[in-house]
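S.K.: Take this structure first; my questions come after.
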Amino acid sequence: MIQAVPKVVEFVKKSQPCRMKEWIAQKRWNPFNSYKLLVHVERWLHIKRGRPIPPPVLITVDPTNICNFNCAWCNAEYIRRHRNFKLSGKILSELADFLPHWGKKHFENFGVQAICIAGGGEPLLNPETPAFIDKVVANGIEVGVVTNGSQIVDAIDALSQCTWVGVSVDAGTSKTFHALKGLNPKKQMFEKVIENIAVLADYSRRHNTKLGMKHPSYGVSYKYLLYKENIGEVFEAAKLAKEIGCKNIHFRPAGTTWDKLGTDKEIFFSEEDIALFNEQLMKAQELDDETFNVYGITHKFTEQFQRSNFFHKCYALFMTAVISPPSCKEAPIDSYVMGLCCDRRGDTKLELIKDCDNVWKIDDVWGGKEHWNIHDRIDIDTECPRCTYQPHNQIYEQVILNDSMTCKFI
């Protein structure tokens, strides 16, 4: 027993999230605080083998795997390289109509409530995306969009109806932006993206749309993935984000993708990198006020900004899904793939439906035998990168399975 103690201590040390101040104390109840997941415990109580499982509260839809940028850390490089396709307007329209009905056969009170439109690629390069946003919003489902910002003007009215739009800028200067995005600086894409953000924020305010509301968490976000080459521009980026009308800026470390684990392309941060980020974040938080928010999202990582996947099994694949374009050119044009993890886009091990032309099939296979088979096969230690759904899994294991918080004693 005595010999086991050091191992336990070491595990506890490694499992601790970063202790840096992610946000100011007055704004702890913010959209990046994973405590919000506890709202969905009642839904997740139904995740049991052999029984119907509620649809996710949130799904991700990737309208395309095509992109006009080439980010140094791209978490979708694999799928962009192997599946350079789009979802058809027909599939997107049918999906928008299906989502309000998903799961209603068994669960009247648990339906899809929100969609994150992101990618495998730049979602606004699919010309059908604005109409899809309009239809989803009309069906009473909230929408958030992650975009590189290059195509905003062409979809500005649809985007203004969203709850939030996150623009992946990831830099505070033109030089760093173009270097990290693999772009020719002569094209001045940084300047274009910054202008597009300002135009969207102003348009939404003037037209009094959802995106322009005076809600502390709605609006345009300046997204910033930390990489060695951009850590020193955190404060500069925060100043710029505030000047152009963003509601917030949020930083999180870039992570190694699933297909690069164990290779020389893994992303690591030194103690000096992390110290510099701490310094820059504290300086940026001085800009935080009633109209602008600064968030450093590090609680899903260890103190070294590495994976913090301290759970035993993945239950998050019953809590969300990713609808993406067909897997190959031989697949029907009007078809889709349903994956179960945004961190492992393109990994066939986590695909529940492949190249199907019927969106209603989702209701038939969700929570079924093959869904559980995928759950059983996942090896978290060797296959999974930094987990976006780490808090989901920890809450399921600790709060639902183990009742570690003795939830009835409130």
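S.K.: Could you give the dipole magnitude of the chain about its Cα centre, charging the beta-carbon of Lys and Arg +1 and that of Asp and Glu -1, in debye to the nearest 20?
M.R.: The calculated dipole for the chain is roughly 460 debye.
S.K.: While we're looking at this one, here's another question. Relative to the compact globular guide of 2.2 N^0.38 Å, what is the alpha carbon radius of gyration of the stretch 50-128, as a ratio?
M.R.: 1.31
S.K.: Show the residues, 5+ positions off or on another chain, whose built amide H is closer than 5 Å to the amide H of residue 251.
M.R.: 295, 296, 297
S.K.: What three numbers, in Å, describe the spread of the alpha carbons of the stretch 33-82 along their principal axes, ordered from the longest?
M.R.: Taking max minus min along each principal axis of the Cα atoms, the stretch 33-82 gives 41, 29, 16 Å.
S.K.: Taking a cut-off of 12 Å between Cα atoms, list the aspartates and glutamates near residue 214, but don't count ones fewer than 8 places away on the same chain.
M.R.: 290
S.K.: Ok, one more. Kindly give the semi-axes, whole Å and largest first, of the ellipsoid equivalent to the chain, taking each as the square root of 5 times a Cα gyration tensor eigenvalue.
M.R.: The equivalent ellipsoid of the chain has semi-axes of 30, 29, 22 Å.
S.K.: With no solvent and one point on each alpha carbon, what is the Debye value of log10 I(q)/I(0) for the stretch 154-307 at q = 0.11, 0.19 Å⁻¹?
M.R.: Here the Debye-derived log intensity ratios amount to -0.46, -1.18.
S.K.: With labels modelled as points extended 7 Å from the Cα through the Cβ direction, what inter-label distance (nm, one decimal) is found for residue 179 paired with residue 402?
M.R.: Here the modelled spin labels are 4.4 nm apart.
S.K.: Tell me which aspartates and glutamates have Cα within less than 14 Å of residue 408's Cα, excluding those fewer than 8 residues away on the same chain?
M.R.: Residue 408 reaches 42.
S.K.: Determine Rg/Rh for the stretch 346-410; Rg is computed over alpha-carbon atoms and Rh is the Kirkwood hydrodynamic estimate from the same atoms.
M.R.: 1.07
S.K.: Let me ask something else about it. Using the crude model of +1 on Lys and Arg Cβ and -1 on Asp and Glu Cβ, and no other charge, please compute the dipole size for the stretch 221-377 relative to its Cα centre, in debye to 20.
M.R.: Using Cβ point charges on Lys, Arg, Asp and Glu, the stretch 221-377 gives about 400 debye.
S.K.: Report, in listed order, any pair from 186/239; 105/300; 175/210; 48/104 with a Cα-Cα distance greater than 26 Å.
M.R.: Beyond 26 Å: 105/300; 175/210.
S.K.: So how far apart, in nm, are the two label points at residue 388 and residue 109 if each is 7 Å from Cα heading toward Cβ?
M.R.: Placing both labels 7 Å along Cα→Cβ, they lie 2.9 nm apart.
S.K.: When DSSP assigns beta bridges and you keep just the ones with both residues in the chain, what percent turn out antiparallel, to the nearest 5?
M.R.: Bridges in the chain that DSSP calls antiparallel: roughly 20 percent.
S.K.: Let me ask you something else. List, in order, the whole-Hz ³J(HN,Hα) value for each residue of the stretch 268-273 obtained from phi through the Karplus relation with A = 6.51, B = -1.76, C = 1.60 and θ = phi - 60°; use x for Gly and Pro.
M.R.: Each residue's phi maps through the Karplus curve to give 10, 10, 7, 4, 5, 4 Hz.
S.K.: Return the sequence-ordered ³J(HN,Hα) values of the stretch 176-181 in whole Hz as given by the Karplus equation 6.51 cos²θ - 1.76 cosθ + 1.60 applied to θ = phi - 60°, using x for Gly and Pro.
M.R.: Computed from phi, the couplings for the stretch 176-181 are 5, 4, 5, 5, 6, 8 Hz.
S.K.: What is the Cα convex hull volume of the stretch 282-410 when expressed per residue in Å³?
M.R.: Considering the Cα atoms of the stretch 282-410, their hull volume per residue is 211 Å³.
S.K.: For residue 187, go through the aspartates and glutamates and keep the ones whose alpha-carbon is under 16 Å away, minus same-chain ones fewer than eight residues off.
M.R.: Qualifying aspartates and glutamates at Cα under 16 Å: 195.
S.K.: Quick one: Kirkwood hydrodynamic radius for the stretch 137-240, alpha-carbon pairs, angstrom, one decimal?
M.R.: For the stretch 137-240, inverting the mean 1/r across all distinct Cα pairs yields 14.3 Å.
S.K.: Would you work out which of 258, 212, 179 lies farthest towards the positive end of the dipole of the stretch 154-307? Charges go on Cβ: Lys and Arg +1, Asp and Glu -1.
M.R.: 212
S.K.: 222 nm [θ] for the chain, helices only, -39500 (n - 2.57) per DSSP H run of 4+, per residue, to 500?
M.R.: -8000 deg cm²/dmol
Just so you know, all these numbers are worked out from the coordinates, no wet-lab data involved. Keep in mind the model is a prediction, meaning the values are calculated, not measured. In this analysis, Cβ positions are derived from the backbone assuming ideal geometry, glycine residues included, and neighbour counts consider all displayed protein chains.
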